[in-house]
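Heads up, the thing below is written out as structure tokens.
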Amino acid sequence: MNSGTIFIMKDISKSFPGVKALDKVTFEVDRGEVHALVGENGAGKSTLIKILSGVYHQDSGQILYKGKEIDIKNPRYAQELGISTIYQELNLCPNLTVADNIFLGNEFSSSFFNYIDEKKLNRECKKYLDLLEADVDSRTLVSSLSVAQQQMVEIAKALSYESDVIIMDEPTATLTLHETKKLFETIRKLKEQGRSIIYISHRLEEVFEIADTVTVLKDGKLVGTKSLKDLNYIDIVRMMVGRDIESKYIKTAHKMGKKVGKVLLEVRNLTKKGIFENINFSLHACEILGFSGLVGAGRTDLMRAIFGLETIDEGNIIINGKDIKQFKGPKEAINKGIGMTSEDRKRESLFLNFNIRENVTISYLDYLSKYGYIMGGTEKNFVGKFTKQLDIKPQNIEAQVITMSGGNQQKVAIAKWLATAPEILIMDEPTRGIDVGAKSEIYKLIRLLSDQGKGIIFISSELPEILTLSDRIIVMNKGKIVGTFMNEEATEEKIMELAV
Amino acid sequence: MSGDNNTIEKVSLLVRAKEQIRGFQIRKMGVLFALVVLIIFFSIMSGGRFITISNILTVARQVSLAIIVGVGLTFVMITANIDLAVGSYLALSGVFAAAILYYGTPWYVALLIIMIGMALVGVLVGVIVAKQRLNALITTLAMMGIARGVALAYTGGAPIYIKNDTFISLGTGYIGPIPTPVVIAAVILIVGQFILRKTKFGRYAYATGGNQEAAITSGINVDRIKIIVFLISGMLSGLAGSILAGRLFSGNPTAGQGFELDVISAVVIGGTSLFGGVGSMWGTLIGALTVGIIANGLTILGVGYFYQLIAKGVIIYIAILIDRQTQEAGMRGGRV
């Protein structure tokens, strides 16, 4: 090992019941480098990281840290060594303040009675938040922060440990472009200080922008570690998938001069005070209508209100020319032909206690039952149609969704809404946290649905996908519509100018 | 492509392994195994007094009340709620059944009035929990006190005797060779399992407890589901209270004290999750048998009531521990 190496994980293997998660993987990271770790879902990235951070223990293989062989017994020990992890799922206590969270287990106590020096705590906390340029007050409760702000707090927390190795698992999954830029600046600062960053992301554009080196895993095996200077986008995808996939931009690209159909949904002067204001737009059959904007611009709230999950103060919703003012609840919206996949699929879409079949039919049981009795055979045949159409794996419809990969879980969530045969489908961040292969399948599916005559509202914080897929793009900022573009005239710059 | 097939194979292997760990199968098997061990233990220790026809019938008769109420509570707990008032409901319904029968009312009219009345009490609790969004634990704790208080106040603390023979036979009679309460419990159990597994309402109950947010987004009226589960719990408590009153020849305002703990233990031992979304009626049957056999076995062995309470507490602890560990096994390695 050379002098620049901070740690090396050698021939690491780890098995779980029925699956070999890691097979003799060697992973070496230098001081002061940003090292990207990529691979499809199930490739073993998370397992490798969890071994390094002490959550799991390897079955075999050794870890050399700063030249010494060590045994990372538990997460606390990893942290003491200087290895911090920011997980994709946030690990904050919602009922404590930002400062309390950042210094949890690490408080500035004076010698008497473990008294916590609040002033010093808040001062120290502000230091880290300022470093991130995070617009967060150290005294606010975490529960009142947006997801993006909470993520910033998580990052500040890792900084507070003064760690030499900081692992970031999909840190930008919930951040806006602007916030991502800030994060990258921070990462560069950390790098200058000689810290090593392990950066896990599904967004290869980001990997190219921020990382120096990349390690690719596939099916629990090491494909290779290479300097990013020697690679291009296609090279990495090929390493990850083991074969060429058709570029997501070709098969799914917007068709020039495409004809759209009649108006399916019209929204007039929709207002919910303090959340969104005076919203007007219409959605046509066969149309993919993109909604762009920063996190917190009010897109999700607007869609939830249209779907009957939140009340509105003023305005009308018109479906197929009929003014229904506002839906009393999701049930009514579903009956009028609207479906909505939400941005947080585990929290709002899926039932982890259910199998595929039960998840897919939950909104359609009225039509699969007689006098309240569910007709088992009819239900099975019905579900089989969708699992085939969406190519959901495993094919066994009795498989529990908790065991499935993110991409397949998302397909189940979509299948649930296709089951109700909606004319209008609202999809809120449908590709969040899923790998390249699954993303391209979701894009194809969205394109296919619009070709079948459905109107699709597509919310995304990733500009490339919104630009490729949408026929028309609406930009929201602080609860207002600030611009509408046809696909031909939209560019990343134009959208960002309005969104920020 | 071979790489793909490999992945699919691994995933399906993983799925199968997980299903075995996670499903109620193992959990139920574990409890079933414990039940068999208990039966063997008591049979040997009691020197034959445990396995006799008359003792088996006694256990069955005792357990049937816990099963009837347990079916209702299983619905409640699958929606991630709880009903602590069921013990007090037994007293309340017994007392009022006796009061109604006092006026010479036919037995079936009295039973019907009590079951409908208790169903309405359940609806009240359900409305408070669902619409006013009060915690079920606190709401039913309050109702536990109120129901017991009403029963005591109405009777002045003394039992009201029942003279209607048919009503009494609900608790003491036989249908063929089998005690009437056992037959009633069997019917309730089968109907309960059918509703839980085969109907829309059952599926919605699992959905409500499994992920309430997702249930709302899916168009399920979760408030209605919650109200109905409390209705079922109240109604079945009314039925059980009437059977108990028959067995005691009276409506007794102190009946069913601590009964809620037996039933909750039974349901949890049977694998119904305290966090909602998971559970079955067969599990509740096994749980109720376990609790009943422990009480009966200890009595036969001459262990005093005080020590029985301690034993029960320890058993609840173990059951909840198993519950949590199986939950964690299900979660572990969800993302690899």
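Just so you know, all these numbers are worked out from the coordinates, no wet-lab data involved. Just so you know, these numbers come straight off a predicted model, no measurement behind them. As a convention, Cβ positions derive from the backbone with ideal geometry for all residues, glycine included, and neighbour counts pool all protein chains shown.
Worth pointing out:
- Computed extension length for B:Ala99-B:Leu32: 20.0 nm, one decimal, from 0.36 nm per residue of separation with the Cα-Cα distance subtracted.
- Taken as Cα centroids, region A:437-486 and region B:227-246 sit 53 Å apart, rounded to the nearest whole angstrom.
- Loop sites in region A:318-395: trypsin sites (Lys or Arg not before Pro), DSSP, at most 13 other Cβ within 10 Å: A:Lys325, A:Lys328
- Region B:116-178 and region A:146-201 have Cα centres lying 58 Å from one another.
- Relative contact order computed over chain A (Cα-Cα under 8 Å; 6+ residues apart), in percent: 16 percent
- Exercise: per-residue mean of other protein chain Cβ atoms within 10 Å, B:203-215: 6
- Remark: the protein assembly as shown projects, on average over all directions, an area of 41.2 nm² (convex hull of Cα atoms).
- Taking amide H as placed 1.01 Å from N in the peptide plane, A:Gly339 has its amide H under 5 Å from the amide H of A:Ile424, A:Leu425, A:Ile426, each at least 5 places away in sequence or on another chain.
- Amide hydrogen neighbours beyond the local backbone of B:Gly277, cut-off 5 Å, H modeled: B:Thr79, B:Ala80, B:Gly209, B:Gly210
- Order by protection proxy (mean Cβ within 10 Å, highest first), peptides B:226-238, B:115-127: B:226-238, B:115-127
- DSSP-loop GluC sites (Glu not before Pro) across region A:122-163, with at most 15 other Cβ within 10 angstrom: A:Glu133, A:Glu162
- Theoretical ellipticity at 222 nm over the protein assembly as shown - DSSP helices of four or more residues, -39500 (n - 2.57) apiece, nearest 500: -16000 deg cm²/dmol
- When both bridge partners sit in the protein assembly as shown, DSSP labels roughly 60% of those beta bridges antiparallel.
- Taking a sphere under 11 Å around the Cβ of A:Leu228 and counting the other residues whose Cβ falls inside, with K and R at +1 and D and E at -1, yields a net charge of -3.
- Cβ-to-Cβ counts within 10 Å put A:Ser201, A:Ser227, B:Ser54 in ascending order as B:Ser54, A:Ser227, A:Ser201, the fewest first.
- Distance between region A:297-331 and region A:388-415 - C-alpha centres, whole angstrom: 30 Å
- Linear extension gain, A:Asp366 paired with A:Glu185, 0.36 nm per residue minus alpha-carbon span: 59.9 nm
- For region A:456-463, Karplus couplings with θ = phi - 60° (6.51, -1.76, 1.60), whole Hz, Gly/Pro x: 10, 9, 10, 8, 8, 9, 9, 4
- Close amide-amide hydrogen proximity is noted between A:Ala21 and A:Lys14, A:Ser15, A:Phe16, each under 5 Å apart and 5 or more residues distant or on a separate chain (H modeled in the peptide plane; Pro and chain starts excluded).
- For region B:26-118, chymotrypsin sites (Phe, Trp or Tyr not before Pro) meeting the loop criterion (DSSP other than H, G, I, E, B) and having at most 16 other Cβ atoms within 10 Å: B:Tyr103.
- In units of the rule-of-thumb radius 2.2 N^0.38 Å, chain A shows an alpha carbon radius of gyration of 1.03.
- Estimated FRET transfer efficiency (A:Asp212, A:Ser15; beta-carbon r; R0 30 Å; 0.05): 0.40
- By the count of other C-beta atoms within 10 Å, a proxy for reagent exposure, A:Glu332, A:Glu379 are ordered fewest to most as A:Glu332, A:Glu379.
- Hydrodynamic analysis of region B:64-256 uses the Kirkwood radius over alpha carbon pairs. Inserted into Stokes-Einstein at 10 °C and 1.306 mPa s, it gives a translational diffusion coefficient of 95 µm²/s.
- For chain A, share of DSSP beta bridges that run antiparallel, in % to the nearest 5: 55 percent
- Region A:466-479 - phi-based ³J(HN,Hα) in whole Hz, Karplus 6.51/-1.76/1.60, Gly and Pro as x: 5, 5, 6, 8, 7, 7, 9, 10, 9, 10, 10, 8, 6, x
- Convex hull of chain B built on C-alpha atoms - directionally averaged projected area, nm²: 20.1 nm²
- Gain on full stretching of the segment that runs from A:Glu80 to A:Asn95 - 0.36 nm per residue minus C-alpha separation: 2.8 nm
- Pairs beyond 28 Å (Cα-Cα), from A:Lys322/A:Lys439; A:Lys45/A:Lys444; A:Lys189/A:Lys439; A:Lys182/A:Lys454: A:Lys322/A:Lys439; A:Lys189/A:Lys439; A:Lys182/A:Lys454
- Derived scalar couplings ³J(HN,Hα) [region A:413-430; Karplus, 6.51 cos²θ - 1.76 cosθ + 1.60; whole Hz; x for Gly, Pro]: 4, 6, 4, 4, 7, 4, 4, 7, 6, x, 8, 10, 10, 9, 10, 9, 6, x
- Residue order, fewest to most beta carbons within 10 Å, for A:Thr172, A:Thr311: A:Thr311, A:Thr172
- Whole-Å semi-axes of region B:52-167's equivalent ellipsoid (Cα gyration tensor): 26, 20, 13
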